[in-house]
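I have placed the structure first, in the form of C-alpha cells, so that the comments after it can refer back to it.
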Amino acid sequence: MAENHTRPYSDTNEAVPDHFHHRVIHPHVYFLRPPGIPERSTYRMSVQLPPPTHRKRALPQGELEAASTLKLGADQNTHTLSLSEARLVIHKVLENKRRGGNKYEEPENLNKTLYYLDVFARFKDEENIKAVERLLNSHTELEMFERSQLGSLCCDNAEEAKSLIPSLQNKISDGDLQELLDELTKLRNFTE
C-alpha cells in the first residue's frame with residue numbers, strides 16, 4: 001500500500017505536498033512555507049508592481065483642517081457645491097450629453113456618484129436649489145465651504161450645526177444661525 005504524501009490544509013479536499021511546511025494560523029487557515037525556509041524567517045515573495053497610472057499627489061503645504069478655524073490651504077476661497085448643487089450640475093451635464101446625439105456610456109463611478117447624490121441631496125427641485133444658494137450666499141460672513149456644508153447637512157438647530165461645522169462658532173450667533181436653518185427647512189423637499 002502506497003503512503004499518502006499529502007495533507008489537507010483547509011476545509012476543502014485540497015492537499016499540500018509533504019515537502020511544504022505549514023503552520024496553523026487559524027483552525028482553517030494555514031501558512032505555507034517552501035522547503036528550506038526556517039519557521040521564524042522573514043521570507044517574503046518578491047513581486048514587481050506595474051508603474052502607477054495616476055499623477056503624483058502634491059503634498060499639502062501645511063496643515064489642512066475644517067475645525068474651529070478653517071485651514072483649507074489653496075482651496076480656502078474655492079467655490080464649493082452642496083450635494084444638491086452637485087446633483088443638479090451632473091444631471092444637467094448628462095442631459096446635454098445624451099441630447100447631443102453621440103453615443104455616451106456612463107462610467108460606473110459616475111452612476112455610483114449619482115446614486116449617492118440622489119439619496120443624500122436634501123433639495124431636489126432646481127428652483128429650491130437656486131433659492132437655497134441665494135439664501136446661503138446672502139450670509140457673506142460665512143466661508144463658501146461653510147455655506148455648502150450647511151446646504152448639504154440641513155441641521156435641525158444651531159447647536160447641531162456648530163458641532164458639525166466647528167468654524168461657525170464665532171462667526172454667526174445662534175439666533176441668526178437658527179433663523180437660517182429654519183429658512184432652509186422651509187425649502188426642503190420632504191417627498192420621498
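The values are calculated or read from the model by the stated rules, or taken from the named source; none is laboratory data. Quantities reported herein were computed from a predicted structural model and do not represent experimental measurements. Neighbour counts are summed over all protein chains in view; Cβ atoms, including those assigned to glycine, are modelled from backbone coordinates with ideal geometry. Each accessible area value is taken on the protein alone, full model and side chains, heavy atoms only, with ligands, DNA and RNA left out. Shrake-Rupley method; radii C 1.70, N 1.55, O 1.52, S 1.80 Å.
Criterion first (at pLDDT 95 or above and not polar (S, T, N, Q)) does residue 180 satisfy it? Answer is yes for this residue.
Kindly establish whether residue 167 is over 20 Å from the mean Cα position of the chain (by Cα) and open to solvent by 40 Å² or more (accessible area, probe 1.4 Å). It is false that residue 167 is over 20 Å from the mean Cα position of the chain (by Cα) and open to solvent by 40 Å² or more (accessible area, probe 1.4 Å).
Starting from residues that are assigned to a helix (DSSP H, G or I) and open to solvent by 70 Å² or more (accessible area, probe 1.4 Å), keep the ones in segment 170-181 and report whichever is nearest to residue 125 (Cα to Cα). Residue satisfying both the conditions and the ranking: 179.
Considered as a group, the residues in segment 76-125 that are among the polar types (S, T, N, Q) and outside any helix (DSSP H, G or I) include one that is farthest from residue 66 (Cα to Cα), and that residue is 102. Considering segment 141-153, the residues that are crowded, with 19+ Cβ neighbours inside 10 Å and not in a helix (DSSP H, G or I) include one that is nearest to the chain's Cα centre (by Cα), namely 143. The residues of segment 102-124 that are of a type in the set (D, E, K, R) and open to solvent by less than 90 Å² (accessible area, probe 1.4 Å), listed by number, are 106, 118, 122, 124. Of everything listed in (1) modelled with pLDDT of 95 or more; (2) open to solvent by less than 50 Å² (accessible area, probe 1.4 Å); (3) of a type in the set (S, T, N, Q), the single unmet condition for residue 138 is (2).
Applying the criterion of being open to solvent by 80 Å² or more (accessible area, probe 1.4 Å) and acidic (Asp, Glu) to the residues of segment 55-100, the residue that is modelled with the lowest pLDDT is 63. Taking the criterion of being open to solvent by less than 80 Å² (accessible area, probe 1.4 Å) and outside any helix (DSSP H, G or I), the residues of segment 155-164 that qualify are 155, 157.
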